[in-house]
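Remarks on the structure that follows.
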Amino acid sequence: MKAGDTAYLVESNRFVYEVEILRCNGELYIVCFKDNGVGLYFKAYHLLLTSWKTVKSISQAPEHKV
């Protein structure tokens, strides 16, 4: 991953956020959320490079029959 790349964050196994990587410093990345422009630090293991990996990381909720 390098500056300018697009990555994805998964929060609470439900919400997916598209971010842009602004800067890399070892294992820390400064990212900017594309929807609101807020910048935060994240470690590399939180960032997923493709939307396919993002979908695979979200576990499916069990179906409950009533």
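The values are calculated or read from the model by the stated rules, or taken from the named source; none is laboratory data. Just so we're clear, the structure is a prediction, and the values are computed from it rather than from any experiment. Here the Cβ positions follow ideal geometry from the backbone for every residue, glycine too, while neighbour counts run over all protein chains shown.
Worth pointing out:
- Residues within the range 12-41 that are farther than 22 Å from K56 by Cα and of a type in the set (F, W, Y), tallied: 2
- Residue match in the range 13-20 (condition: modelled with pLDDT under 80 and loosely packed, with under 14 Cβ neighbours inside 10 Å): yes
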